[in-house]
Structures are given as structure tokens and as C-alpha cells.
1. Any chance you could count how many residues in the range 22-54 are in a loop (DSSP other than H, G, I, E, B), more than 25 Å from residue 174 (Cβ to Cβ) and open to solvent by less than 40 Å² (accessible area, probe 1.4 Å)?
2. Could you say which residue among 230, 142 is in a helix (DSSP H, G or I) and at pLDDT below 90?
3. If you take the residues in the range 95-109 that are open to solvent by less than 60 Å² (accessible area, probe 1.4 Å) and out of contact with any strand residue (DSSP E or B) (no Cβ under 7 Å at 6 or more places or on another chain), which one is nearest to residue 53 (Cα to Cα)?
4. Tell me yes or no: at least one residue of the range 182-196 is closer than 29 Å to residue 112 by Cα, open to solvent by less than 20 Å² (accessible area, probe 1.4 Å) and part of a strand (DSSP E or B).
5. Can you tell me which residues in the range 55-91 are open to solvent by 30 Å² or more (accessible area, probe 1.4 Å) and outside any helix (DSSP H, G or I)?
6. Within the range 62-121, track down each residue that is farther than 18 Å from residue 138 by Cα, without any contact (Cβ under 8 Å) to a residue 40 or more places away in the chain and either in contact with a Pro (Cβ under 6 Å, 6 or more places away or on another chain) or not basic (Lys, Arg) (or both).
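The values are calculated or read from the model by the stated rules, or taken from the named source; none is laboratory data. On a predicted model such as this, the values are computed, not experimentally measured, just so you know. Here the Cβ positions follow ideal geometry from the backbone for every residue, glycine too, while neighbour counts run over all protein chains shown. Accessible surface areas use protein heavy atoms only, side chains included; no ligands, DNA or RNA. Shrake-Rupley method; radii C 1.70, N 1.55, O 1.52, S 1.80 Å.
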Amino acid sequence: RQIVDDADRILRHMDHRGACGCESNTGDGAGMLTALPHQFLVRVAKEDINIDLPAAGRYGAGVVFLPQDKTQRATCKKTVEKFISQQGQTLLGWRPLPVDFDAADIGKTARNCAPYMEMLFVGGAEGLDAEALERQLFIIRKLSSHMLRNSEMSEALQFYVCSLSTKLIIYKGMLTSFQVLPFFKDLQAEDYDTHLAMVHSRFATNTFPSWDRAQPLRFMSHNGEINTVKGNSNWMFARQGMMKSE
């Protein structure tokens, strides 16, 4: 548990590295990656959605961003469930993620574009070890993301899987470094423990901030500028006057 608290302290001290928009309480994005907290998840899965999780390594879990529109959200969940079944795995359940916009003082801009958030639990097929299940979870995530984010839904880009793994989990959002723990109630739980934690706060440069672009990434943090072709072209045009020979 102390590792989570220490990680939060580090994240809050990275306030100079991150950025905010036109509102001081709308951040460019911040988050925390930890090991999958098995005992905590066993408790909340039973309390919140009345399911019994398998042993550690026999299931995967992750935070999923979904559309606010109920019909589109249902479509997203059915699509994910289809790929879970297609890959021979078992849907254990969806748990509404407890978050607190008011306690974290989330700004209007971040609130207006916030996704609906749930935690997904996937059980592994009989005889599948943790590494094989990890690969199946990767396939499920990629198939779902490609189909849904490229669909004709008006909120297609609201669908985003922060992580889906037997090993780690990511809590992130369009937040400042001070808002992560107050926003995600899970991270405040005394029985949420981990042997590792990774944190980062984003400074949006030539890409706009959004909930899915928040840090950290699924297995790393990106400590630098996220470049785009258009952004680099604009920088070159801006420097043309300096590059002309006298």
C-alpha cells in the first residue's frame, strides 16, 4: 500500500512536468500503472457485482472507457464480449468504476468529454497459463479497438481500453497530477497493494489532450513530445526563414 502512496507523492511532485488547459483544473492527462491488486479485486468483484474471481493469473482485468450514450455503450460491450467468446475465453463481468468528479475538482472541459468508465473481468480458458491468457487478452483488446474506434458511431473514439492484463492495471484520465487519487476511489482503498507503480503527467504539445491520450501508456511512460507528421511539417515551415542562406 505504501508504494501507491509514494507513487502519488511522486506524481504530485511532477506538477511542473504536466500541463493544464484554459482551466487550471483541466489537466492534459495523468495516471498510475500498478500491478494487478488481486486481493482488492477479489473483494470489490464480490461486493460490487457478486462474482468470485479465479486465482491470480487465471483472469485478466482492466479499466475500459466507453461512450456516454447508453445504446452505443451497449454496442461496445457486446462487441468486446463477442471477441472474448471468439477467442475461447469467458466474460466474468463488468464493474462500474467508482470515480468522484467533485472530490477531484475536475474542470468543465474534462468533464464534458469524459467517457463512461467500467472495469472488465475476463476468465481464462481451462488449461491456459497466465502468459497464454495475456496474449489472448492482447488480441481481444486489439480486435475490439480496431472495430469500434473505426466504426460509424458518433462516440466511437470514446471507446478505449486503458489496459487488459493478468499482470497490471492502469488508472488514468484527462487529469492533473493532483487529481488522480481523489478521482479514482479504487486507488484510495487501504487493501489496494502493489509491488510496483509507474506514474506520469502529460504535457500536450502538438496533439490535443484527451482521456485516451493520458499517461501512462500500457507498459511504459512517454517522457517527451509526442510528434506528428503535421506537427513536424509546421515546425519546419516555421524555421524556413532561419534556414535561408544569406
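1. Qualifying residue count, the range 22-54: 2.
2. 230
3. Ranking the candidates gives 98 first.
4. yes
5. Listed by number, the residues that qualify are 55, 56, 58, 68, 69, 87, 88, 90, 91.
6. Within the range 62-121, 71, 74, 102, 112 meet the criteria.
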